[in-house]
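Trainee: The following block contains the structure, expressed as structure tokens.
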Amino acid sequence: MKKLWAVPLLLAASHATAGGWEASTLDTSFMYQQGNYAEVGTASITYGVKATTQANTAKTKMAKNQTRTAFAFKTDVGGITLGLARYMSGAIQLSGSDASLATCATISATCSVVPDADVTVNSLALLAKYKLNDEFSLIAGANQYSIASGATVTALTGHYEVSGDATVPTFGAAYEVSDIALRVELLSQSKTKVSNFKAQSKGGAVTSLTDVTGETMSIPQSIKLNFQSGIAANTLLFGSIHQASWKSAQIEIPQLGAGTLLGGVDGISSDFANRTTYSIGVGRKFTEQMSGLISYATEAGGGKTTADPFTLRNGYQSISLGARYTTGNMTISGGYNYTMPGDVDLAHVSGLTASYKNNTVSAVGLKVGFSF
């Protein structure tokens with residue numbers, strides 16, 4: 001039953017409505033596999049996130065569908081386990097201009113306040129795990145976050161292109177009792193400023209991309225508790241608590257010159273709130289080859305109203321189903337996630353609005369692992 005942990009974390013990587021710009025969190029389950037191990041996974045996410053606006057009373061799709069891939073590898077060297085993982089850690093993928101009734105270069109009642117965005121953040125984590133004894137382990141490493149090339153945001157205030165990367169220290173500890181499949185793991189990442197974050201903007205009288213001064217971006221401090229325990233023969237209880245301090249990790253792009261009205265470009269910024277996500281589930285081993293699970297996750301929202309054009313929901317609830325099949329040295333894990341974002345009404349300072357109600361997000365994930 002210990003290997004069931006890999007399945008719920010595959011599904012957790014498919015959650016489509018995490019806080020801030022977060023897409024997936026670091027999955028360390030591969031570090032607990034026996035011997036040499038490698039895995040690759042993919043998730044296809046369909047966003048049924050639609051809104052009505054003051055310009056368009058017809059529901060319009062505001063979030064783009066996504067495909068997320070990940071791989072991981074671990075090996076044991078002496079008494080130390082070394083691991084490498086790559087995954088999509090962040091994404092802002094919006095199509096807000098589809099709700100506009102005209103081509104919009106300035107704020108107008110015919111326009112959508114929700115921006116277009118194509119921003120992806122990828123992570124490459126290098127980890128080491130050292131067993132102090134049969135029960136306790138220490139984990140340390142570094143996680144590099146990199147904004148993928150071609151990252152853009154287009155809002156009514158201007159067009160922006162961003163780039164940058166940061167290496168974040170990662171620490172943790174784990175306690176295990178193998179006889180009852182008990183594992184409790186605590187992981188922590190400290191807040192880290194993206195020191196080389198670079199932004200350019202254009203719009204209005206500024207017709208070519210121009211460097212901005214004073215732009216800032218940070219990776220938030222985060223803590224994640226993963227746990228699992230056998231509760232009956234061939235039955236496993238598992239869950240997690242993930243807390244991220246997004247309120248102190250905003251993205252700020254200052255205005256260029258004196259702003260749009262005076263021949264420059266207005267600035268743009270995020271308004272992220274702190275987020276805590278809870279998940280719990282049960283896994284069942286049916287045969288030596290086949291096991292399955294069901295899990296539930298929830299995250300509280302910041303309220304039923306917002307002034308932030310990047311906010312598409314007020315918390316969420318989700319259900320996941322998964323299965324795992326083992327044959328020889330290969331394991332195949334698959335799952336389905338159904339998420340129900342909370343309703344939220346956007347009222348921007350400009351007077352433009354958007355209303356999100358009765359939306360859904362679904363994801364299908366597949367992962368293949370090899371022991372060798």
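Trainee: Using a basic spin-label model with each label point 7 Å from the Cα along Cα→Cβ, how many nm lie between residue 332 and residue 258?
Mentor: 6.7 nm
Trainee: Next question, about the same structure. How big is region 72-116 in terms of Cα radius of gyration and Dmax, in angstroms?
Mentor: Taking only Cα atoms of region 72-116, I get Rg and Dmax of 22.7, 66 Å.
Trainee: Along Cα→Cβ, 7 Å out, is where each label goes; now give me the distance between the ones at residue 77 and residue 44 in nm to one decimal.
Mentor: Placing both labels 7 Å along Cα→Cβ, they lie 3.9 nm apart.
Trainee: Also, quick follow-up: Out of (i) 123; (ii) 135; (iii) 155, which label holds the value of volume of the Cα convex hull per residue in Å³ that was computed here?
Mentor: Computed from the coordinates, volume of the Cα convex hull per residue in Å³ corresponds to (i).
Trainee: If the chain between residue 345 and residue 362 were fully stretched, how many nm would it gain, using 0.36 nm times the residue separation less the Cα-Cα distance?
Mentor: Numbers: separation 17, 0.36 × 17 = 6.12 nm, distance 2.20 nm.
Gain on stretching residue 345 to residue 362: 3.9 nm.
Trainee: Taking the Cβ of residue 139 as the center, what net charge do the other residues with Cβ under 11 Å away carry, scoring Lys and Arg +1 and Asp and Glu -1?
Mentor: Local charge sum for residue 139: +1.
Trainee: Residue 211 to residue 148: FRET efficiency via 1/(1 + (r/R0)^6), r the Cβ-Cβ distance, R0 22 Å, to the nearest 0.05?
Mentor: Approximately 0.65, to the nearest 0.05.
Trainee: Once R0 is set to 35 Å, what does the formula 1/(1 + (r/R0)^6) return for the Cβ-Cβ distance between residue 133 and residue 355, expressed as a FRET efficiency to the nearest 0.05?
Mentor: E between residue 133 and residue 355, to the nearest 0.05, is 0.05.
Trainee: Ok, one more. So which of 202/304; 193/224; 129/193; 131/198; 129/191 end up more than 30 Å apart, counting from Cα to Cα?
Mentor: 202/304; 131/198
Trainee: Would you mind telling me which residue in 280, 251, 107 has the biggest mean-square fluctuation in a Gaussian network model of the chain, where springs connect alpha carbons within a distance under 10 angstrom?
Mentor: 107
Trainee: Among 44-55, 143-154, how do they line up by average Cβ neighbours within 10 Å per residue, starting with the highest?
Mentor: With the highest mean Cβ count within 10 Å placed first, the list reads 44-55, 143-154.
Trainee: Between residue 225 and residue 287, what is the label-point separation in nm under the 7 Å Cα-to-beta-carbon projection?
Mentor: Placing both labels 7 Å beyond Cα along the Cβ direction yields 3.8 nm.
Trainee: Can I ask one more? Please list 168-181, 25-38 highest first by mean number of surrounding beta-carbon atoms within 10 Å per residue.
Mentor: Highest-to-lowest ranking by the protection proxy: 25-38, 168-181.
Trainee: Once you list every other residue whose beta carbon is under 15 Å from the beta carbon of residue 348, what net charge do they have if Lys and Arg are +1 and Asp and Glu are -1? The partial results should precede the final answer.
Mentor: On the way: positive: none; negative: 266, 271, 308, 345.
Every neighbour counted, the sum reads -4.
Trainee: Mind checking the full-extension length gain between residue 101 and residue 308? Use 0.36 nm per residue of separation minus the Cα-Cα distance, one decimal, nm.
Mentor: 72.4 nm
Only the coordinates and a few stated rules stand behind these numbers; no lab work does. A quick note: this is a predicted structure, and the numbers were derived from the prediction, not measured. As a convention, Cβ positions derive from the backbone with ideal geometry for all residues, glycine included, and neighbour counts pool all protein chains shown.
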